[in-house]
Structures are given as structure tokens and as C-alpha cells.
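Just so it is clear, none of the values below were taken in a lab; they were calculated from the coordinates. Quick caveat, the model's predicted, so the values are computed rather than measured. Glycine gets a Cβ as well: all are built from the backbone with ideal geometry, and neighbour counts include every protein chain shown.
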Amino acid sequence: MHITVIGTGYVGLVAGAGLADFGMHVICIDKDESKIEALEQGEIPFYEPGLKELVERNVKNGRLTFGTELAPAVKQSLVIFIAVGTPSDGQGGVDLTFVKAVAEELAETVDEYKVVVTKSTVPVGTNRWIQEIINKNTPAEINVDVVSNPEFLREGAAVEDFMRPNRVVLGSESQQALAIVKDIYRPLYLIETPFVVTGLETAEMIKYASNAFLATKISFINEIANLCEAVGADVHQVAKAMGLDRRIGPKFLHPGPGFGGSCFPKDTEALARLGRDYDSPMQIVETVISVNEAQKMRMVDKIESLAGDLKSKRIAILGLSFKPNTSDVRESPAITIVGELLARGAHVAAYDPAAEDEFKRIFSTEQIDYRPNAYEAAEGSDAVVVVTEWNEFRNLDLGRIKQSVKQPVLIDLRNIYDPRRMKELGFDYTSVGRPLSALKQC
Ligand SMILES: NC(=O)c1ccc[n+]([C@@H]2O[C@H](COP(=O)([O-])OP(=O)(O)OC[C@H]3O[C@@H](n4cnc5c(N)ncnc54)[C@H](O)[C@@H]3O)[C@@H](O)[C@H]2O)c1
């Protein structure tokens, strides 16, 4: 079967390469010519473990190609996946400009039966709207079906998540379209992946409800962590014991500087907005968003309380991406933290194993002293702050760091070090939700 994937970003490229690996012939389209040129040269435009090998293998076997022209790709394809970005519109809603442009271009192009599958995260009602745009602009005898197929992959583990998802959600009103898409995902049936087949609106809502719930767990444990600091309790033990209750589960109960990334912030905002639009308030989600904003700012206060007045202080930031194993900095807590440090007069040195180039689009080399490794970032600093828990930070030579800093202050926003050991090493150390008084008790 021939498939077109429109939008060759994190989701589109992983999905395109993954579907090629399932045996489909896939053309990945993007309007960004430089991205397509890079892919044609065998370069992956962002960092994602395992993706280069997956792409290479499928390009080599001839099942994966790239292009910038939508029309010829669509002509040869029975199924078209939409994987373009759906960023925030800046007012709590979703900017559907890219989706609309694709739907309009499809309407001009299709000349026979097609199945249009939306992988982009889109507000409830969007798939029906896509169908209307296409129907309105195509001759009546041409039938196009839409399927909502939200994507749940995690950056940093995207290939594994696509190839072995927890579930596949398919929403449609067309049995024919569902049968075609199920056929594409046949390899997943063989590994007994659960399929949830439902209506358009329900499929769209599943994606938002899932992301909002995960974000809720994070904001919840962050608030518990803050309270742990106040009352002298250890949030890790609290989270561990909570997670042992099977009704709660252990995942997403790790405290930190707040959630970021290209999904949780905009998807929680969009769900809250949907609730307001339909006069069905999403009060929990609204609170999750404000707790998250406060958490990021709280981290700067934490830094200041240990490093002292930030004016002219040199602060070393380790980790800029919103989580490890990705170069993605969209809505990364590091953006808020660095911005606030600069606003309070600090000098910032920073190191990230993969996200430096992306971060430079937000903070230039005039604003931040980008360093080639953690040791050079830490040199001469008044405080070292771990913002993203890349594995390489877990095994730093802390003795070497201590020798080179101006004052031995370490603020661990991901709780990757043992507070007792840090004390033994002579660091003035703090983390999130683990006051020393709580650790002394055990
Ligand atoms: N990134 C994730 O972890 C993740 C996970 C699940 C779902 N999603 C959702 O998937 C969608 C895509 O996210 P992403 O992170 O891959 O975005 P992205 O910004 O990395 O990629 C989107 C791509 O679409 C391209 N594009 C835009 N308009 C186009 C057009 N008219 N024709 C061709 N290409 C076009 C852009 O050039 C870009 O390369 C979003 O709706 C997002 O919410 C993302």
C-alpha cells in the first residue's frame, strides 16, 4: 500500500519510517525544503534515539522516500496521514493554520477515493471540519473518508513507542476507512496491541484527556514535593509508596521543575479552552497549568536562596531540552528558568548534549555562554543547576566540578544525586522535595 505522510517532524518522520518498516511504501512530505534536503542526504533533522537506523534501513529497501510536492505523492497514495504541527495560538487555543492549509491542498488534489488520517493533536471537531473542507472543494462523486488516529509517542523513546504502542486509537464513521487503516497497523495486531475503535470526537478527546491526566500527575507530585520540603518529608518515598497502589501506578510521579515539551503545555491549554468554550469548566486542568507555571518560577527562587542575590552571579545550567534524549526545547522549563535568571541579573553558562542549537534560537550566544561540556559550564560558577536529567550528568566527576566552581552550590532540579553524598562531598546542595531533615530519619 502507498501512503503519504504530510509533515516530517518528530511525529511524521517516526510514523513515516515506522509505517515503511511495517511494509508500506511511504512518501514523507514537508514544506520545509531544507529538512527534506537533509533527509535526502541521510541526515536526521533532530535527535531521536534509533531513528537514524530506522530511516536508513527503509530508505535502503526503497520503501521510504521524501519530497516537498504534495500533489504527486497524494496521487499515488490511498492513505494520507496528516502530521503537521498544531501549536498554541497564544490565546489558549490551537493554531490550526497548518492543518487547514493541508486540508485545502488535499481538496484541490484528490481525484479518487482516499483515506485522510489525522495524527496531529487537534481539538474536538477538527476531523469533521477537515472532512467538510475537503468535501466542499471536491466534486461530489469523489469520496474521502477521515480517520482520527492520535499519536501517543514520547520524544526520546519515539521509535519504541511507535513500534510497540500501549494502544492504537482509531476514530471514524467509515467502516471501509477503518478496515484500511487497521490493515496498515496489522503488524501491531500480531504483538497484541489493544485497538480502541470509536467515533471521531471520542478519539480526539482521548488524546487530550490522556495528556491532561499525565500532566495532572506531574503537577500533583510537584505540589506534594513542595509541601514535603515545608514539613520535612521525603517526596521520593511518598511517590514510591503511592505508586505501589495499583490504582495509582508509579509513572509520572517524579517531582521536578515542571512539565514542558511540545505537547503537555499546549494540550492542557487547549483542553481548558475547550471546557470554557463549551461552558464545561476544566477546573483541575486550569489548576494544573497554573501550578506548573508557579513550579518553574519556584525553581529560580530555589537557585537564588542557595546562590544568593543573583545580580552578576554566574549560574551554570546543565540540560536545556525539555527532557533527556531529545534536542527539542519547545516549552522547556529551562527557557523560563534561564529567562528569569537573566532578568534577575545573573550570567548564564549552559551545556546540553543535543539541544544547544535549538536553544540558540531562543537565547543567543550574546545572552548565554554556551560551553562544550558540563565541566566547562561549571567552571567559575556560583551555582550549578541540573535542569534536564541527561544520563551523562548522573556520572559527573563531582570532585572535579567542586575544584573548578567559585562556590560549591549544586541545585538538582531532577533529584539525580544522593543528598547525603553531596553533603559529604562538601556541596551546598538542594533538590526537589527531599529536605535533609527527612533523610536523617531513615
Ligand atoms: N512531538 C511529540 O512528542 C508529539 C507526540 C504526539 C503527538 N504530537 C502531535 O503531532 C503533531 C506534530 O508534532 P511534531 O512535534 O511532529 O511537530 P513538528 O513541528 O516537529 O513537525 C511538523 C512538521 O510539519 C511541517 N508542515 C507544516 N505545514 C505543512 C504543510 N502544509 N505541508 C507539509 N508540511 C508541513 C513543518 O514544516 C514541520 O516539519 C502536533 O499536532 C503534535 O501535537 C506530537
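Note on region 1-78 and region 218-295: Cα centroid distance 35 Å, given to the nearest whole angstrom. Rg over Rh for region 74-169 works out to 1.00, using Cα positions for both radii and the Kirkwood form for Rh. The stretch between SER210 and GLU56 holds 52.2 nm of extra length on full extension. This uses 0.36 nm per residue minus the Cα-Cα distance.
Taking Lys and Arg as +1 and Asp and Glu as -1, the other residues whose beta-carbon sits under 12 Å from that of ALA71 total -3.
Over region 252-294, the hull volume per residue, using the convex hull of the C-alpha atoms, is 72 Å³.
Pairs exceeding 24 Å between alpha-carbon atoms, taken from LYS31/LYS323; LYS217/LYS302; LYS136/LYS266; LYS313/LYS402; LYS323/LYS360: LYS31/LYS323; LYS136/LYS266.
Between the residues GLY9, ALA230, THR121, the greatest Cα displacement towards the positive end of the dipole of the chain, with unit charges on the Cβ of Lys, Arg, Asp and Glu, is found for ALA230. Charging the Cβ of each Asp and Glu at -1 and of each Lys and Arg at +1, and nothing else, the dipole of the chain about its Cα centre rounds to 1500 debye. Assuming R0 = 30 Å, can you tell me the calculated FRET efficiency for the pair SER364 and TYR278, based on Cβ-Cβ distance, to the nearest 0.05? About 0.10, to the nearest 0.05. Length available on full extension from ASP309 to GLU192: 0.36 nm per residue minus the Cα-Cα distance, which gives 36.5 nm. Going from the fewest other Cβ atoms within 10 Å to the most, the residues THR388, THR202, THR336 appear in the order THR202, THR336, THR388. Just checking the listed ones, ASP111, ASP21, ASP382: in the Gaussian network model of the chain with Cα springs under 10 Å, the one fluctuating most is ASP111.
The coefficient of translational diffusion for region 17-137, derived via Stokes-Einstein from the alpha carbon Kirkwood radius under 25 °C and 0.890 mPa s, stands at 157 µm²/s.
Cβ crowding within 10 Å, taken as a proxy for footprinting-reagent exposure, orders SER332, SER34 from fewest neighbours to most as SER34, SER332. Between the residues THR216, GLN176, PHE22, the greatest Cα displacement towards the positive end of the dipole of the chain, with unit charges on the Cβ of Lys, Arg, Asp and Glu, is found for THR216.
With contributions of -39500 (n - 2.57) from each DSSP H run of at least four residues, the per-residue ellipticity at 222 nm computed over the chain stands at -14000 deg cm²/dmol. Using Cβ point charges alone (K and R +1, D and E -1), the dipole size of region 324-442 about the Cα centre works out to roughly 560 debye. In the chain, the longest principal axis of the Cα atoms and the axis of helix 51-60 are about 30 degrees apart. About its Cα centre, the dipole of region 231-440 is roughly 640 debye, where the only charges are +1 on Lys and Arg Cβ and -1 on Asp and Glu Cβ.
Among TRP390, TRP129, the order by Cβ neighbours within 10 angstrom, fewest to most, reads TRP129, TRP390. Highest GNM mean-square fluctuation among ARG330, ARG247, ARG276, for the chain modelled with Cα contacts below 10 Å: ARG247. Considering only PRO45, LEU188, GLY433, the residue lying farthest towards the positive end of the dipole of the chain is GLY433, judged by Cα position with unit charges set on Cβ.
Within the listed set ALA209, ALA20, ALA38, the residue fluctuating most in the Gaussian network model of the chain (springs between alpha-carbon atoms under 10 angstrom) is ALA38. Out of every Cα-Cα pair in the chain, what percent are more than 39 Å apart? Every Cα pair in the chain considered, those over 39 Å come to 27 percent.
List the aspartates and glutamates whose alpha-carbon lies under 14 Å from that of LYS406, not counting same-chain residues fewer than 8 positions away? Straight-distance partners of LYS406: GLU376, GLU379, ASP382, ASP428.
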